[in-house]
Amino acid sequence: MKTIFVVPFFGILAHVFATSNENRNCLEVRAMAGFNISKFFNGNWYVTHARNPASPITCAAFHTGKAQGDTFIIQYGNNEDEEGQDSGRCQGAMENEGDQKVPFICNNGNSTFQIDITIIDTDYNNLAVSYRCIKIGGTFIEDNYLVLSRKNTIEEIPESVENLLPNQVTLSECRLILEVEEGDEVEEVEEEEEEEEEKVDEIIKTEIL
């Protein structure tokens with residue numbers, strides 16, 4: 001039996017089938033050299049373009065920040081009352097310096113899933129090119145190449161950015177970027193959440209082995 005999930009996967013609202021891609025795997029994509037995880041996962045990012053979608057996509061803003069220790073968090077969605085604006089929280093950490101991807105465990109209240117994020121290139125202050133892959137229970141669900149911006153506007157992709165993508169990848173603009181409410185910030189993780197973070201770390205280690 002197929003299970004349908006409707007969640008913002010690292011900025012994109014999508015319908016996916018949990019069993020539709022069991023024979024596929026996440027791609028091994030080379031990350032940028034010298035990637036600074038603290039500079040990237042800090043502040044707001046907006047998805048503006050994604051790999052040639054079969055249908056128009058709705059992109060969402062997300063907030064990033066550092067929690068305790070080496071753990072980083074992603075929060076997406078800011079108004080559960082508006083149609084299409086789900087909300088959730090992801091926690092993850094780079095296991096070793098120089099790792100090619102950052103695994104996050106996410107929960108939106110309805111489901112728990114893993115997002116592996118690889119930053120192909122970024123200047124940290126304006127644009128970023130990323131590859132992200134979604135897994136649920138170790139099963140491949142969906143992947144995509146994304147262009148991210150610090151601004152909530154869709155602009156033409158610089159040629160230098162397009163040249164970073166594989167030849168077969170074509171990007172399309174998002175139909176809509178959901179707004180971020182002014183003043184939204186990632187909440188600091190309180191001391192009582194330490195136990196929860198330890199559990200997340202264990203899940204991450206299990207998933208990437």
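A few remarks follow.
- Spin-label pair ASN25-GLN68: with each label point 7 Å from Cα along the Cα-Cβ axis, the two points sit 3.6 nm from one another.
- Taken one residue at a time, the phi angles of the stretch 61-71 give Karplus couplings (6.51, -1.76, 1.60, θ = phi - 60°) of 7, 9, 9, 10, x, 9, 9, 7, x, 9, 8 Hz. Gly and Pro are set to x.
- Placing dummy labels 7 Å off each Cα toward the beta-carbon, the span from ASN126 to GLU162 is 1.7 nm.
We did not get these values from a lab; they are worked out from the coordinates using the rules stated. Nothing here was measured: the structure is a model prediction, and the numbers come from that model. A quick note on method: Cβ atoms are made from the backbone with ideal geometry, for glycine too, and the neighbour counts reach across all protein chains shown.
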